[in-house]
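The block underneath contains the structure these notes are about, expressed in structure tokens.
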Amino acid sequence: MKKLKGIFTSPYFIAVLYVLKMTLYYALIEVRNMETVIIVLSLAIWSTIFICFGRMKHKRKRFVFLTVYFLFSLLMFSDTMYYNYYNQTVSIRQLWQAKSVAAVPNSFIATLIPASFLLFIDLPFAYFSFKKYATKENLQKWLPWKKFKYVLYVLTALIIAMIANPFHSDAFARVNTMEFFTNHVNDVYQTVSESLSPVDMDEKEILQVLDEVTPAPKIARYDGVGAGKNLIVIQLEAFQNFVLGASYNGQEITPNLNALMKKDTLYYDHYFSNIGKGNTADAEFSTLNSLYPVIDGECYRLYQDNTLIGLPWLMRYNGYYSFAIHGYKGEFWNREYIYPKEGFQDFYSMEDLNQDDIVGLGISDKSMFHQLIPILQKQKEPFFTFAITLSNHHPFMLDEKYYDLKLLEEDKGTTFGKYLETVHYTDEAIGQLIDELKSAGLYDNTVIAMYGDHHGLNCGMEEVNYRVSDFIGRIYDYDEMLNIPLIIHVPGSGVKETISTTGGQIDFLPTIANIMGIKYDNTFVMGQDITNAKQGFVAFTSYLFEGSFATNDILFQISREGIFEGSRAWKIGTNIPVDASLYKEDYEKALLLKKTSKEILDQNLIADFVTH
Ligand code: GP9
Ligand code: MN
């Protein structure tokens, strides 16, 4: 027993545990470059912390050490979980998001990785070895302050140099974004320096960028094809493009949408989700306001007091009654607060609706659409409705009694199988909505635009990737994961075209304004009308990080370390790699667009514009 205790508290055992812990951590956050250097640096920092605490005079230093050690381990744990879902480690600006995550507990639990829990098992051993070895006498004997202080100085200087990176060294930049301590210290440093000097571009520069990158299109095809009609915009929860028209086990996954798209429809098949950290809320924000989201948190909260002049206001100015409807809590994603500011005159949330049929988080799509009809009938036309579906929310919790697709044995109970069932359910709800609009006599006079908010199936999850790859017949990559459909259905118009110019939620406002024949001032509009534009361009924010973008042909994914070198690119719709180093100019454009959009929001420029 004594011998065993001796082994467990021996410095060698602890050192091995440290190495294993860091190796596991870096494997989970996919550090595949310079791992040895990074692990050695982490160990040096951990040891220094250990020694510093050991030298402390404080009576309760053991307890303080244990608390700090636990908190660091917790941060590592959060990093791995966050990375598993978002391909990114946690930043302090995102910590508040824990609140939104906690509001969707099933999704949160479904993203847990069991291996992450191993990051805590060294805690008791670390504590006992600290108790045994980190005594002042020991440390003074082995590492007298005279020697130790130099180690401390060198290490501190190295960390400062790494974070400041004055010579823009790629190696330093890499270590900086990947090593546990430097990454988080750098994050704090960036946050503080940004809040101290928030303005980077002046208004003149911003306007110049907007002028250059978003020129107004000359030929306006389908201009005003939906003019005077009502407009229903439906944001479809987690709706990806690959399900449209696809056949699964001899059945159509989306028979109602497929039928609808046969006539009077413009279908944009190269449309991408360009959300930031606010998922659904960012999809809405970008769609309604034609501005890019940010990585620091949801725009619906960060910019909740900004002046906005997006689609709801625009429709309102044009005589429409603008309102939103959604089957979940009104306060979620700060909708209740920001919708009036965005220009919505009313918002029907879960609390205002009949909660007669619950699927997953809230009111089922079928019930929500059914309750929409009397609201529309009550209103004076024209109306602009923004409806957000919910039933297809991760982890796709539809009661099996509603399952309508016949699943293959291998897909029963899997994420993929459940996803197909809930997508199919939302499609049925859309079919039901169309029928009810027809019965209410509203269909002929209403344009219906639909698009997905973001993916439902994360290509970074091994099991999902394997199954979707098999289904689509090629490796399931980000070009497919971020590809959401945009469908604009204009009853009686005779339009029918598949438009393959690349676009994203950022382009929705100018695109729909063209269809509805609505003129707007495009000063602070970052997207373009993709019905008429020839060259599409979308910059990404999360999942594919800042610097990543899609053009008509390729998708460019910034390197794991966030630098141009080492990035990858491939042809959209294929797995064919292309030489990423040829796309420096587009990469810079992506950064500039993102920066310009953020400056518009940070400086609340639309407010000045409206006042003047
Ligand atoms: C909740 C819904 C979900 O109201 O919009 O948001 P998500 O979790 O998909 O971002
Ligand atoms: Mn969503």
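Which aspartates and glutamates, if any, have their Cα less than 14 Å from the Cα of LYS584, not counting same-chain residues under 8 positions apart?
GLU546, GLU565
Highest first, please rank the peptides 534-542, 479-487 by the mean number of other Cβ atoms sitting within 10 Å of their residues.
479-487, 534-542
Between region 339-416 and region 65-81, how many Å separate their Cα centres?
So the separation of the two Cα centres works out to 38 Å.
With all protein chains present and a 1.4 Å probe, how do ASP608, ASP529 order by accessible area, largest first? Intermediate results must be reported in sequence, preceding the final value.
Numbers: ASP608 60, ASP529 10 Å².
Greatest to least solvent exposure: ASP608, ASP529.
Once you list every other residue whose beta carbon is under 12 Å from the beta carbon of THR307, what net charge do they have if Lys and Arg are +1 and Asp and Glu are -1?
-2
Can you sort CYS299, CYS52 by solvent-accessible area, 1.4 Å probe, largest first?
Order by accessible area, largest first: CYS52, CYS299.
Among 7-18, 38-49, what's the highest-first ranking by average C-beta atoms within 10 angstrom per residue?
Result, highest mean Cβ count within 10 Å first: 38-49, 7-18.
Per residue, how many Å² of accessible area does the chain show with a 1.4 Å probe? Before the final figure, lay out the partial values.
On the way: 26220 Å² over 612 residues.
Dividing the accessible area of the chain by its residue count gives 43 Å².
Summarise the accessible area of the chain (1.4 Å probe, protein heavy atoms) by the percent that is carbon and sulfur.
59
Give me the lysines in straight-line cross-link reach of LYS412: C-alpha distance below 26 Å, same-chain residues under 8 apart excluded.
LYS366, LYS401
To make sure I understand the rule: partners must be aspartates and glutamates, Cα under 20 Å from the Cα of LYS59, and not fewer than 8 residues away in the same chain. Which ones qualify?
LYS59 reaches GLU137.
Computed over the Cα atoms, what is the radius of gyration of the chain divided by 2.2 N^0.38 Å, N being its residue count?
1.06
What order, most packed first, do the peptides 116-127, 353-364 have when packing is the mean number of other Cβ atoms within 10 Å of each residue? Walk me through the numbers on the way to the answer.
Numbers: 116-127: 16.2, 353-364: 18.8.
Descending packing order for the listed peptides: 353-364, 116-127.
Chymotrypsin sites (Phe, Trp or Tyr not before Pro) within region 232-282: which are DSSP loop residues with at most 12 other Cβ atoms inside 10 Å?
Numbers: sites: PHE239, PHE242, TYR248, TYR267, TYR268, TYR271, PHE272; in loops: PHE239.
Here no chymotrypsin sites (Phe, Trp or Tyr not before Pro) fit, given the DSSP loop and packing criteria.
In the structure displayed, which of LYS21/LYS571; LYS262/LYS594; LYS218/LYS594; LYS341/LYS519 lie more than 27 Å apart, Cα to Cα?
The answer is LYS21/LYS571; LYS262/LYS594.
From the square roots a ≥ b ≥ c of the eigenvalues of the alpha-carbon gyration tensor of region 483-612, which class results: rounded (a/c under 1.5), prolate (a/b over b/c), or oblate?
oblate
Quick one: angle between helix 35-55 and the longest Cα principal axis of the chain, in degrees between 0 and 90, rounded to 10, please.
Tilt relative to the chain: about 60 degrees.
Give the shape of region 428-535 as rounded, prolate or oblate, defined through the alpha-carbon gyration tensor: a ≥ b ≥ c are the square roots of its eigenvalues, a/c under 1.5 means rounded, and otherwise the shape is prolate if a/b is larger than b/c and oblate if not.
oblate
The values are calculated or read from the model by the stated rules, or taken from the named source; none is laboratory data. None of the values given here were measured: they were computed from a predicted structure. Every residue, glycine as well, gets a Cβ built from its backbone with ideal geometry; the counts of neighbours run over all protein chains shown. To get the accessible areas, we keep the full protein, side chains included, count just its heavy atoms, and leave off ligands, DNA and RNA. Shrake-Rupley method; radii C 1.70, N 1.55, O 1.52, S 1.80 Å.
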